[in-house]
1. What does the charge count around residue 15 come to, taking other residues whose C-beta lies under 11 Å from its C-beta (Lys +1, Arg +1, Asp -1, Glu -1)?
2. What is the spin-label model distance, in nm, from residue 12 to residue 36 if the labels are put 7 Å beyond Cα along the C-beta direction?
3. Mind checking the full-extension length gain between residue 59 and residue 73? Use 0.36 nm per residue of separation minus the Cα-Cα distance, one decimal, nm.
Amino acid sequence: MCRNITILRGLQPEATTEEIEEAARQYVRKVSGVRTPTKRTQEPFDAAVRKVAAATVMLLAEMPPRQQPPTSSPPLRRRTAATP
């Protein structure tokens with residue numbers, strides 16, 4: 001499940017708030033089956049993204065350093081790196 005969520009632990013520099021929120025959004029989309037929230041689903045969707053992002057921040061802060069860097073860069077960094 002969620003094969004498209006990029007590993008954020010061990011990034012140099014560390015994962016940004018934007019990268020963490022995007023990973024949380026991808027997770028909530030996958031689990032909820034909601035790609036684009038509607039008026040009825042927007043509030044619970046956004047609340048879930050905030051909670052998952054907060055849990056991710058705590059997890060990353062408490063995990064020991066990685067032995068090796070992640071195998072790929074987050075999509076937001078890939079776009080930036082490809083841009084001249």
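1. Numbers: positive: 9, 77; negative: 14, 18, 19, 21, 22.
Taking every Cβ under 11 Å from that of residue 15, the sum is -3.
2. Each label point lies 7 Å from its Cα, and together they span 4.1 nm.
3. Values: separation 14, 0.36 × 14 = 5.04 nm, distance 1.89 nm.
Answer, rounded to one decimal: 3.2 nm.
Values in this text are rule-based calculations from the coordinates and carry no lab data. No experiment lies behind these values; they were computed from the predicted model shown. Cβ atoms come from the backbone with ideal geometry, glycine included; neighbour counts cover every protein chain shown.
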